[in-house]
Amino acid sequence: MIHPAFTYFKIGFSWLLLLNLGLKAGPIQWGQVPDDAKWVAHIDLEGLRQTKLYQQIHNLFLKEPMAELEAKMETEIGMKIPIDGLVSITAYGKTLSKEPDQDGVLLLELTPELKKIASTWLAGNESESKTKRPDIIQPVDTDITGVFNVANELTIASDTDSNYLCLGPNQERIIAKVKQLGTKRMDGPAKESFSIHPVSKGAVAYLAVANILEEATLPAHQAKVLQLSKGASLSLGEVQDNVFINLHLRTQDSQASMQIQRILAGIQAVAMLNAQQPEWFPLIQAIDIRNDNQRVQVNWNLSLQNANKLIHALQGTGK
C-alpha cells in the first residue's frame with residue numbers, strides 16, 4: 001500500500017501542475033526563469049491571501065475544509081503541515097501541449113517553518129518526524145545534498161540556502177536549477193520572449209506563453225484564437241476595490257487581431273444570452289475587448305461589490 005504521505009504529496013503536485021494550464025511573494029522573479037523557457041507561470045499566494053476577495057471566499061467556503069485537511073494530514077502523516085506555509089509558486093518549461101513537459105520546472109517557495117518540516121521529512125530524520133519517509137522516495141547520490149527521486153518519475157531538490165523546493169521530471173535540469181538558488185532575490189528584466197507581456201499592477205497570478213499552443217486540445221473557437229496568436233499572457237489580481245483579469249494576445253498581423261476580436265466578442269454575446277441568473281450579467285458585461293494592430297487586449301474588471309453579489313448567488317444565501 002502506498003504511504004499516505006506520498007498520496008498527499010502526489011495529489012498536491014498534480015494540483016500545482018494544473019495551475020500551469022488554463023503564481024518569492026510579489027512579482028515574478030525573472031532571474032529564476034531561463035532564457036530557453038517558452039512558458040512561465042507565477043502565483044503569489046501570500047499576496048492572494050491578502051486580497052479582500054480571497055478573504056471573503058476563504059471565510060465562506062475554505063476555512064473549515066482547510067482546517068479539516070490540516071487535521072487529517074497531521075493524523076495520517078504525524079506532522080502538522082501549515083497549508084498557508086506555501087508562499088509562492090513559479091513554474092516554467094519549453095513546451096505546452098497535450099503531453100507533460102519533460103523539461104518543466106516547479107519552484108515552491110515556503111515559509112522557513114514549512115521548509116524545515118519538508119527538509120526534515122525528506123531527509124528521513126525520524127527523531128524529528130513521526131512519519132518515516134516512504135521507500136518510493138530515495139536520496140540521489142550527487143555532489144550536493146537534498147536531492148531525491150520519486151518513483152523514478154520525479155526529482156525533488158531541497159536547497160539549503162533558501163526556502164525553495166525545486167521539482168521536475170528532468171533530474172539534470174532540477175539539480176542545475178537548485179544550484180542557482182540562494183538567499184538573494186533574483187530581480188531582473190523580463191526575458192526577451194516575454195517582454196511584450198508585462199505583469200499587471202496588483203497581479204497575484206501571471207501566465208505567459210511565447211509560442212503557439214498548436215497541440216493543445218481545445219474547443220474550436222479557443223483553438224482558432226491560439227492558431228492566430230504568436231504569444232499570450234494572463235494576469236489576475238485585485239487593485240483598489242476591483243478584481244481584474246487581463247489577457248494580452250500578440251497576433252500575426254492586424255487582420256488576425258481583428259478576427260480574434262470578432263471571435264471573442266461572439267463568445268461574450270453567447271454567454272450573455274445563455275446567462276441564467278441576473279448576477280452573471282455584470283460579470284460578463286465587465287469584459288472589454290479591443291485590438292490594436294497586432295495585439296488584442298481583453299480586460300475584465302469587476303467591483304468587489306458585484307463580486308460579493310456573485311459569491312452570495314453561488315452560495316445561495318442572498319443577492
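The values are calculated or read from the model by the stated rules, or taken from the named source; none is laboratory data. All values reported here derive from a predicted model rather than from experimental measurement. Cβ atoms come from the backbone with ideal geometry, glycine included; neighbour counts cover every protein chain shown.
Against the definition (exposed (fewer than 14 other Cβ atoms within 10 Å of the Cβ), at pLDDT below 75 and farther than 18 Å from HIS248 by Cβ), how does GLY316 come out, yes or no? It is true that GLY316 is exposed (fewer than 14 other Cβ atoms within 10 Å of the Cβ), at pLDDT below 75 and farther than 18 Å from HIS248 by Cβ.
Filtered by the rule that a residue be part of a strand (DSSP E or B) and crowded, with 17+ Cβ neighbours inside 10 Å, the range 296-307 gives VAL296, VAL298, TRP300, LEU302.
Can you tell me which residue is surrounded by the fewest Cβ atoms within 10 Å (Cβ to Cβ) among those in the range 268-287 that are modelled with pLDDT under 75 and part of a loop (DSSP other than H, G, I, E, B)? Out of the qualifying residues, it is GLN276. If you take the residues in the range 224-256 that are among the β-branched types (Val, Ile, Thr) and not in a helix (DSSP H, G or I), which one is farthest from the chain's Cα centre (by Cα)? Going through the qualifying residues, I end up with THR251. Scoring ASP103 on the criteria (1) within 30 Å of SER193 (Cβ to Cβ); (2) modelled with pLDDT under 80; (3) touching a helix residue (DSSP H, G or I) at 6+ places or on another chain (Cβ under 7 Å) leaves a single failure, condition (2).
Listed here are the residues, each with its yes/no results for (1) crowded, with 21+ Cβ neighbours inside 10 Å; (2) under 22 Å from ALA157 (Cβ atoms); (3) at pLDDT below 80.
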site: ILE57; (1), (2), (3): no, no, yes
site: LEU60; (1), (2), (3): no, no, yes
site: MET79; (1), (2), (3): no, yes, yes
site: GLY85; (1), (2), (3): no, yes, no
site: LYS94; (1), (2), (3): no, yes, no
site: GLU99; (1), (2), (3): no, no, yes
site: LEU107; (1), (2), (3): yes, yes, no
site: LYS115; (1), (2), (3): yes, yes, no
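Of the residues making up the range 39-65, those that are of a type outside the set (Val, Ile, Thr) and out of contact with any strand residue (DSSP E or B) (no Cβ under 7 Å at 6 or more places or on another chain) number 13.
ILE156 fulfils the conditions (1) out of contact with any Phe, Trp or Tyr (no Cβ under 7 Å at 6 or more places or on another chain); (2) buried (at least 19 other Cβ atoms within 10 Å of the Cβ); (3) aliphatic (A, V, I, L, M) except for a single criterion, (1). Is one or more of the residues making up the range 1-11 at pLDDT 50 or above and aliphatic (A, V, I, L, M)? Within the range 1-11 (the criterion being at pLDDT 50 or above and aliphatic (A, V, I, L, M)), the answer is no, since none of the residues qualifies.
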